[in-house]
Amino acid sequence: MNADTIFAVASGAGQAAIAVMRLSGPDSSGVLAALCGRVPPARRASFRRLRGRDGAELDQGMVLWLPGPGSYTGEDSAELYLHGGRAVVTSVADALVALGARPAEPGEFTRRAFLNGRMDLTEAEAVHDLVAAETAAQRRQALRQLDGALGSLYGGWADRLRLLLAQQEALIDFPDEDLPPEVEAQVLGELASLQREVGAHLDDGRRGERLREGLVFAITGPPNVGKSSLVNALAERDVAIVSAIPGTTRDALETRVVLGGVPVTLVDTAGLREASDEIEAEGVRRAHARAAAADLVIEVNGVIEPPPSLAGGGWGEGAWEAAQPPPPNPLPQGEGETRVRLLVANKIDLGGGVPPGAIAVSALTGEGLDILRARLADVARSLTESTGPPPLTQARHRAALQEAAARLAGAQVADLPELRAEDLRLALRALGRITGSVGVEDILDTLFARFCIGK
């Protein structure tokens, strides 16, 4: 158990009607008794006058006593519901320090909850994600993880691995014993099945991570087609300077919006053309870089007048492409590129042709913007929605699972039983790093429970 008793304001900074002060640690009952005269009944809000060591009244508020282990941290804890004035909060904090408590470090309450077995690491991470959630979709994902769905998935895999390791250890240590001959075949079959499940979990399009971190949509295209006007219209505020002068945007400008319940960063980029100076050349380079890293590239073009050969005759198949030459500095499409692209034709209020498959809009009048927003929302949802098992949400989870999958693959082709066992141990350790729970005792318990060793 931690020796220190800690406290912190849990209701955020700034003046408010009520401030919540949390207290946790072995001396919580003594500190609480000194502060309000006596420890109130457990888990029942009680009105108390709070006083300092000199007897001076600090505040009148509600006090909640939460004895361990049935508290958030698993320790004796308390919550003080104070008036939210800065002077009140400061005076109570000073009194707690005088009584032997210390201010908590960032995340220390949740850290203690993990160390005391109240939650695993995935649930602890979900607490942070829930506090940081900007949208309902992020909230739902964090709550699902906080409920233990992700930890249960990884814990189930770890249980299966422990059994496989126990069986493999038995094959190594007792080769002459009367063990079922099909044990090794079962081990290899289960290994292959487990590797497929981990691989399918990894092959999720990074949906959970994308939802947690937010998507990036880069807006690209030649100069003077209204990219900045489109960003301002989608953000519903002035983010970028708009001018009729080509090349106004020289750097990448960002703004945060919510589309389809998903946080999205819109990036306005410099016009793609042969640069006229070093500054514009750097802007074009940055435009390429931001587009290459984006989840969606919105390619904006302006409408154009038909060539004389088509005047009055309409736009036939391929006519628009023939009438508009490719930009001199186009956005490259790499080999095997899977990035989502969306074509938008802006300035339809000026008339002219719209390329096939493009969404026609006018950032000036607002025409077509509802259709564009709906399409962008569909893309955002398609990139983040998941069904079935809970998705990966953290880069560290992905790294650990990739290592586990590699070890499972190695175990299936290991030349020696001892090498297979080592790969299984390393795979189990990798899974344990995600939840924070793995140890030798778990393997020993499984080994002795499943096999009659020493009989």
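The values are calculated or read from the model by the stated rules, or taken from the named source; none is laboratory data. Keep in mind that this is a model prediction, so the values were computed, not measured. Heads up, the Cβs are rebuilt from the backbone with ideal geometry, glycines too, and the neighbour counts pull from every protein chain shown. We work out accessible area using only protein heavy atoms, side chains counted, and drop any ligands, DNA or RNA first. Shrake-Rupley method; radii C 1.70, N 1.55, O 1.52, S 1.80 Å.
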*asked:* Is it the case, given these coordinates, that Glu190 is out of contact with any His (no Cβ under 9 Å at 6 or more places or on another chain), open to solvent by 50 Å² or more (accessible area, probe 1.4 Å) and over 30 Å from Pro106 (Cα atoms)?
replied: yes
Checked the stretch 113-133 for anything part of a helix (DSSP H, G or I) and among the acidic types (Asp, Glu); matches are Glu123, Glu125, Asp129
Within the stretch 100-130, the residues that are more than 26 Å from Ala395 (Cβ to Cβ) and open to solvent by 40 Å² or more (accessible area, probe 1.4 Å) are Gly100, Arg102, Pro103, Asn116
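Out of Ala409, Ala377, which single residue is touching a residue at least 60 places away in the same chain (Cβ under 8 Å), under 16 Å from Glu197 (Cα atoms) and of a type in the set (A, V, I, L, M, F, W, C)?
Unique residue meeting the criteria: Ala409.
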Q. When you look at Asp268, is it open to solvent by less than 20 Å² (accessible area, probe 1.4 Å), of a type in the set (D, E, K, R), modelled with pLDDT of 55 or more and under 29 Å from the mean Cα position of the chain (by Cα), yes or no?
A. yes
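Condition first: of a type in the set (A, V, I, L, M, F, W, C) and exposed (fewer than 11 other Cβ atoms within 10 Å of the Cβ). Now tell me which residues in the stretch 43-56 satisfy that.
Hit for the stretch 43-56 is Ala56, nothing else.
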For the stretch 146-156, the count of residues that are surrounded by 19 or more Cβ atoms within 10 Å (Cβ to Cβ) and in contact with an Asp or Glu (Cβ under 7 Å, 6 or more places away or on another chain) equals 2
Residue count, the stretch 11-33, condition open to solvent by 50 Å² or more (accessible area, probe 1.4 Å) and within 19 Å of Gly68 (Cα to Cα), comes to 3
- Task: Report whether or not Leu64 is surrounded by fewer than 22 Cβ atoms within 10 Å (Cβ to Cβ), under 23 Å from Gln15 (Cα atoms) and touching a Pro at 6+ places or on another chain (Cβ under 9 Å).
- Result: yes
Scan the stretch 422-429 and tell me whether some residue there is open to solvent by less than 70 Å² (accessible area, probe 1.4 Å), within 30 Å of Val267 (Cβ to Cβ) and modelled with pLDDT of 85 or more. no
Among strands (runs of 3 or more DSSP E) entirely inside the stretch 1-112, those with 1 or more residues being touching a residue at least 60 places away in the same chain (Cβ under 8 Å) are 6-9, 18-24, 77-83
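Scan the stretch 383-405 and give yes if some residue there is among the β-branched types (Val, Ile, Thr) and either buried (at least 19 other Cβ atoms within 10 Å of the Cβ) or assigned to a helix (DSSP H, G or I) (or both), otherwise no. Can you show your working first?
First, pick out the residues of the stretch 383-405 that are among the β-branched types (Val, Ile, Thr): 384, 387, 393.
Within this subset, residues satisfying the condition of being either buried (at least 19 other Cβ atoms within 10 Å of the Cβ) or assigned to a helix (DSSP H, G or I) (or both) are 384, 393.
So far as the stretch 383-405 goes, yes, one or more of its residues are among the β-branched types (Val, Ile, Thr) and either buried (at least 19 other Cβ atoms within 10 Å of the Cβ) or assigned to a helix (DSSP H, G or I) (or both).
Considering only residues that are in a loop (DSSP other than H, G, I, E, B), of a type in the set (A, V, I, L, M) and surrounded by fewer than 20 Cβ atoms within 10 Å (Cβ to Cβ), which ones fall in the stretch 197-234?
none
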Yes or no: Asp94 within 33 Å of the chain's Cα centre (by Cα) and either open to solvent by 30 Å² or more (accessible area, probe 1.4 Å) or more than 29 Å from His397 (Cβ to Cβ) (or both)? no
